[in-house]
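A.B. asks: Mind looking over this structure? Questions follow.
The values are calculated or read from the model by the stated rules, or taken from the named source; none is laboratory data. Just so it is clear, the model here is predicted, and its values are computed rather than measured. In this analysis, Cβ positions are derived from the backbone assuming ideal geometry, glycine residues included, and neighbour counts consider all displayed protein chains.
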Amino acid sequence: PRDVLVVNPNTTASMTDRIGAAARAAAAPTTRVLAVNPSMGPASIEGYYDEALAVPGLLDTIIRHERAARDQGGALAGIVIACFDDVGLDAARCVADAPVVGICEAAMQTAGLLGGSMGVVTTLNRSVPALERLAQRYGVADRCTVRAAEVPVLALEDPASGALDRMRAVIARLLDEDGAECIVLGCAGMADLARSLRQEFGVPVVDGVSAAVTLVEGLATLGLRTSKRGGYAAPLPKAYTGVLAGFAP
Ligand SMILES: O=C(O)C[C@H]1NC(=O)NC1=O
């Protein structure tokens, strides 16, 4: 079997469990999904400040699990960053041996194969600019609309929160007003809603967790890993002080 590490960069274990279930539903039978989260960092990632403070815990989690795999004579086949802000994606690609896929990049590229335009439904309005920047980076900005349901990330943990109804209203707007031809779920915590929303709206609904697991399995199958020339070169030896002392390569 191949081991794929799926990291929820926030510290909410119940969300990690739901992300892991979605990842396992998408993974090949020969893939073992390890769904984990750091113990250090924000309980949820809602905007740029949380993004920054999630990165050290994310990187520490990746470093520890790759080291553990090596110590057991093996190696991770791939790593998924299960946060729709793709937090720490570039830094993770510098430090990881295994290929790293973020759920936003995976979802947007997958949606781009399915429709001329896509509509992203995310949680809070404060997260929208970050996702619009990612759409620019991933080359889909000219055919991507991002709208927020204005629900906190952790409201997705509570079926009674009304989050799903607010998401439904945003999806209807994305389809009817913005001309979206497919829908992207703009939060890892929405992963378990893809199937029901697909049936309800009759359009492709892309969950980034499933897309990222599938893509990273594909990289493993092709035997392809991150290029270590240039931007993703391994970190250079240097001092890291204070709470980051353990991050010295
Ligand atoms: O900002 C968001 O809604 C997305 C992002 N936040 C988080 O804690 N997990 C996520 O996928």
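A.B. asks: Which of the residues belonging to segment 208-224 are surrounded by 17 or more Cβ atoms within 10 Å (Cβ to Cβ) and more than 23 Å from MET190 (Cβ to Cβ)?
C.D. replies: Those that are surrounded by 17 or more Cβ atoms within 10 Å (Cβ to Cβ) and more than 23 Å from MET190 (Cβ to Cβ): LEU219, ALA220.
A.B. asks: State yes or no: is ASP3 away from the ligand (no atom under 13 Å from the Cβ) and within 22 Å of VAL151 (Cα to Cα)?
C.D. replies: No.
A.B. asks: Same structure, new question: Being out of contact with any helix residue (DSSP H, G or I) (no Cβ under 7 Å at 6 or more places or on another chain) and among the hydrophobic types (A, V, I, L, M, F, W, C) is the filter here, so list the residues in segment 213-244 that pass it.
C.D. replies: Scanning segment 213-244 gives VAL216, LEU219, ALA220, LEU222, LEU224, LEU236, ALA239, VAL243.
A.B. asks: Same structure again: Which is assigned to a loop (DSSP other than H, G, I, E, B) and out of contact with any strand residue (DSSP E or B) (no Cβ under 6 Å at 6 or more places or on another chain), of ARG195, ARG225?
C.D. replies: After applying the criteria, what remains is ARG225.
A.B. asks: Given (1) crowded, with 22+ Cβ neighbours inside 10 Å; (2) more than 16 Å from the ligand (Cβ to nearest atom), where does CYS83 come up short, assuming only one miss?
C.D. replies: (2)
A.B. asks: For segment 6-21, which residues satisfy the criterion of being more than 12 Å from the chain's Cα centre (by Cα), of a type in the set (A, V, I, L, M, F, W, C) and within 14 Å of the ligand (Cβ to nearest atom)?
C.D. replies: The answer is ALA13, MET15.
A.B. asks: On the basis of being of a type in the set (A, V, I, L, M) and within 16 Å of the ligand (Cβ to nearest atom), does ILE62 make the cut?
C.D. replies: So ILE62 fails the test.
A.B. asks: Among the residues of segment 131-142, are any at pLDDT 95 or above, outside any loop (DSSP other than H, G, I, E, B) and among the β-branched types (Val, Ile, Thr)?
C.D. replies: There is no residue in segment 131-142 that is at pLDDT 95 or above, outside any loop (DSSP other than H, G, I, E, B) and among the β-branched types (Val, Ile, Thr).
A.B. asks: Something else about it: Could you give me the residue pairs with C-beta distances under 6 Å whose first residue belongs to segment 133-147 and is within 20 Å of VAL87 (Cβ to Cβ), whose second residue is of a type outside the set (Phe, Trp, Tyr) and surrounded by fewer than 19 Cβ atoms within 10 Å (Cβ to Cβ) wherever it lies, and which are 6+ apart or on separate chains?
C.D. replies: ALA135/ALA141; VAL146/VAL128; VAL146/GLU132
A.B. asks: Now for a different question. Tally time: how many residues in segment 183-207 are farther than 17 Å from ALA25 by Cα, surrounded by 23 or more Cβ atoms within 10 Å (Cβ to Cβ) and among the hydrophobic types (A, V, I, L, M, F, W, C)?
C.D. replies: The number of residues fulfilling the criteria is 3.
So that you can scan it fast, the table gives a plain yes or no per residue for (1) surrounded by fewer than 18 Cβ atoms within 10 Å (Cβ to Cβ); (2) within 23 Å of ALA21 (Cβ to Cβ); (3) more than 11 Å from the ligand (Cβ to nearest atom); (4) over 15 Å from the mean Cα position of the chain (by Cα):
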position	(1), (2), (3), (4)
PRO42	no, yes, no, yes
GLY47	yes, no, no, no
ALA54	no, yes, no, no
ALA68	yes, yes, yes, yes
GLY73	yes, no, yes, yes
ALA96	no, no, yes, yes
ALA107	no, yes, no, no
VAL120	no, yes, no, no
ASP142	yes, no, yes, yes
